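> Structure provided below as structure tokens; questions to follow.
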């Protein structure tokens, strides 16, 4: 979808060679119209890597049915979805690369809907991912999983 491509291009423009952009290099004013479904996820490195939603745009309230800012994956999703998101986010952190995909909303009782998501790695030191910029759009229909986005990992 066009908005995903715009945010990916914006993120890519903030890279310096192989260095990932830091949160301080991202200006939300540059993509105001997308802010309602933007999220920032903190990557916490401890015994087991943990993910906590630092910020979730107001448009995500309708998707999740509640405010999710400040919550961990376990606070938001059922166990199968926690594992799905942990796998996806681990891939972004370990690979230091963006990821895009679809996730069924069946965990919310809406199996006919999917979340088209984009996750972009951010690193304060340019290398170690410590935050992930996300953008989500709710799409409907069984064919949603087959829709191309035009985004390729960097």
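Every number here is computed from the coordinates shown, using simple stated rules; none is lab data. Being a predicted model, the structure only gives us computed values, none of them experimental. Don't worry about glycine lacking a Cβ; one is built from the backbone with ideal geometry, like all the others, and counts go over all protein chains shown.
> Identify the residues of segment 24-39 with backbone N under 15 Å of a label point that sits 7 angstrom from the Cα of residue 13 along the Cα-to-Cβ direction, or state none.
Counting only backbone N, you get 25-34.
> Using a 7 Å offset from the Cα along the Cα-to-Cβ direction at both residue 125 and residue 72, what is the distance between the two label points in nm, to one decimal?
A separation of 2.4 nm, rounded to one decimal place.
> Right, next: Could you compute the FRET efficiency for residue 90 and residue 30, with r as their C-beta to C-beta distance and R0 at 35 Å, rounded to 0.05? List each step's numbers first, then the result.
Values: r = 28 Å, r/R0 = 0.80.
According to the calculation, E is roughly 0.80.
> What spacing in nm lies between the two simple spin-label points modelled at residue 52 and residue 138, each 7 Å away from Cα in the Cβ direction?
2.7
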